[in-house]
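The values are calculated or read from the model by the stated rules, or taken from the named source; none is laboratory data. Everything quoted here is computed from the prediction, not taken from an experiment. Here Cβ is always computed from backbone atoms with ideal geometry, including for glycine, and neighbour counts include all displayed protein chains.
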There are 2 protein chains.
Amino acid sequence: MIYICGMYERKLPIRLECGLHLFMEVMSGKWKISLIWCVYEGINRPGALHRILSDASRRLLDQQLAQLVSHGILVKKVFDVKPFKVEYGLTPLGQTLIPVIENTARWGETHRSELETLIRNS
Amino acid sequence: MIYICGMYERKLPIRLECGLHLFMEVMSGKWKISLIWCVYEGINRPGALHRILSDASRRLLDQQLAQLVSHGILVKKVFDVKPFKVEYGLTPLGQTLIPVIENTARWGETHRSELETLIRNS
DNA sequence: TCAAGTAGGGCTAAATTTAGCCGTATTGGG
DNA sequence: CCCAATACGGCTAAATTTAGCCCTACTTGA
């Protein structure tokens with residue numbers, strides 16, 4: 001692994017031909033779905049997110065929050081109070097994602113029993 | 001890497017709490033979006049898929065086709081003719097995926113210019 | 001002064017996915 | 001007989017993502 005300023009230097013190209021690839025690029029990452037949904041519901045401080053998503057390592061949660069920020073889905077607001085605090089929020093672009101997520105999640109819920117069985121034995 | 005009968009033995013648990021996770025589980029894989037779309041449009045024989053998605057290695061394409069089959073999205077039809085031939089098709093479950101893909105892809109296309117810029121410099 | 005809570009990065013290794021090679025078997029055509 | 005096309009699996013290594021450790025710096029409260 002080669003890091004440059006903490007960032008991984010990618011070797012294989014990213015494919016973004018169709019719009020779904022763009023969606024997948026933004027959403028893929030173990031905790032990103034949960035992070036976006038938590039922020040949408042108002043759980044928007046790093047500490048609170050760490051507590052709720054307690055199965056995730058802090059490290060990875062922080063990394064994925066940073067990716068969501070750099071992808072324009074979340075904004076990070078740093079308040080200059082003592083002790084300083086941080087809040088995340090959805091950007092306008094991030095808000096347009098919500099109905100898409102709802103629609104897509106509905107598909108999954110509709111077919112959950114079928115899908116769960118298939119995925120477990122794959 | 002440990003293989004059992006050619007399959008990878010997973011060590012970390014899969015998370016499927018919300019319907020979107022189910023969708024992501026089915027769709028994630030470098031060529032799966034393209035494969036589903038090709039089959040939907042009638043390019044449904046392994047050789048033809050290999051020729052069209054020529055950047056992909058045959059090996060990976062075959063693996064991802066097999067995963068889509070085991071996830072219940074595609075069916076593999078083996079015709080008992082000489083020389084024998086194979087065709088893939090969407091299952092009923094796979095067909096329900098099409099409008100969801102269209103809707104999600106539309107989101108990506110709508111925001112393509114913005115997203116492309118953000119993703120490139122992430 | 002010490003512990004705890006705030007927020008966060010550096011680093012290494014494990015887990016997972018992808019790339020790419022080589023080998024199998026059948027059939028049809030030159 | 002040999003080559004090409006059909007379709008597919010074994011295997012190894014590279015690339016990428018995730019896990020999990022330790023460290024910094026600040027502030028509040030005991």
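State whether the residues of the stretch A:37-53 include one that is more than 11 Å from DNA strand C (Cβ to nearest atom) and at the interface with another protein chain (Cβ under 10 Å from one of its Cβ atoms). So far as the stretch A:37-53 goes, yes, one or more of its residues are more than 11 Å from DNA strand C (Cβ to nearest atom) and at the interface with another protein chain (Cβ under 10 Å from one of its Cβ atoms). A:L93 meets each of the listed conditions (1) within 16 Å of DNA strand D (Cβ to nearest atom); (2) within 12 Å of chain B (Cβ to nearest Cβ); (3) of a type in the set (A, V, I, L, M, F, W, C) apart from (1).
Looking at the stretch B:96-122, which of its residues are farther than 23 Å from B:L35 by Cβ, more than 7 Å from chain A (Cβ to nearest Cβ) and in a helix (DSSP H, G or I)? Within the stretch B:96-122, B:T110, B:S113, B:T117, B:R120 meet the criteria.
Looking at the stretch B:17-28, is at least one residue more than 9 Å from chain A (Cβ to nearest Cβ) and loosely packed, with under 13 Cβ neighbours inside 10 Å? Looking for residues that are more than 9 Å from chain A (Cβ to nearest Cβ) and loosely packed, with under 13 Cβ neighbours inside 10 Å, one finds none in the stretch B:17-28, hence no. Checking each residue in the stretch B:94-113 for being within 22 Å of B:K76 (Cβ to Cβ) and of a type in the set (A, V, I, L, M, F, W, C) picks out B:L97, B:I98, B:I101. Screening B:L61, B:L12, B:L115 for residues that are over 21 Å from A:E114 (Cβ atoms) and either modelled with pLDDT under 95 or basic (K, R) (or both) leaves exactly one candidate, B:L12.
Of all residue pairs spaced 6 or more apart or on separate chains, those with beta-carbon atoms under 6 Å, a first member in the stretch B:66-86 that is surrounded by fewer than 11 Cβ atoms within 10 Å (Cβ to Cβ) and a second member that is of a type in the set (A, V, I, L, M, F, W, C) are B:V78/B:V86.
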